[in-house]
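Asker: Dumping the structure here so I can ask a few things about it.
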Amino acid sequence: MNVDDYLSSNSLRKNVGFLTTLDPDVLKSFCKVALENLAGLREFEAKLDSVAGKFGIESQVLERAIESLAYLLSCMRKEKMRANVRKSFLEDLGFTEDACSTIETSYVAYLDKFEETGKSARTEVHFKSLDWRLDVHLESRAGESVPAAKYLMKLDVQDRNDKVKGKEH
């Protein structure tokens, strides 16, 4: 497998290279933060300096490493890699067997969370279309008329039974 297809830039290669040097326990912590970032559970930038200080690295290095890890997880999901292909892919990137196992555990958690989120999103009402019009009356023969804007919007939403409901405002 050609890993260069996935690591398009030198900076991404450098950040992934940094991840390969981490102890599996430290990598596990990075994976947890990357998963929380992907799930939108917390803004990791708020705690970046304190966590980076704990590991003895610069906050920018930590941020790029976590973003690179999130990229790897997303990439593996997008490509729908099977377990043996994922392991080979990670080994080709330079990860140890323990690190591959750590990332695999995080990947499975990521898939579970993504599928859970996707199922609940399909069962709720969601956006279908939005039509809008803006009318601006600029001039009138009336003496002191002020330009006025009026808008008309029609929002259509669709429920899980594909019923479309509209609301005008």
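The values are calculated or read from the model by the stated rules, or taken from the named source; none is laboratory data. Remember, it's a predicted structure, so these values are computed and weren't measured experimentally. Cβ sites come from the backbone with ideal geometry, for glycine too, and all protein chains shown count toward neighbours.
Asker: Counting only residues that are more than 14 Å from ASP98 (Cβ to Cβ) and either among the aliphatic types (A, V, I, L, M) or more than 19 Å from the chain's Cα centre (by Cα) (or both), how many does region 21-36 have?
Answerer: 3
Asker: Which one is modelled with the lowest pLDDT among residues in region 88-132 that are over 19 Å from LEU19 (Cα atoms) and part of a loop (DSSP other than H, G, I, E, B)?
Answerer: Ranking the candidates gives THR123 first.
Asker: Does any residue in region 91-106 that is over 17 Å from CYS75 (Cα atoms) and without any contact (Cβ under 8 Å) to a residue 24 or more places away in the chain come within less than 7 Å, Cβ to Cβ, of a residue that is in a helix (DSSP H, G or I) and among the charged types (D, E, K, R) six or more places away or on a different chain, and which pairs are these?
Answerer: none
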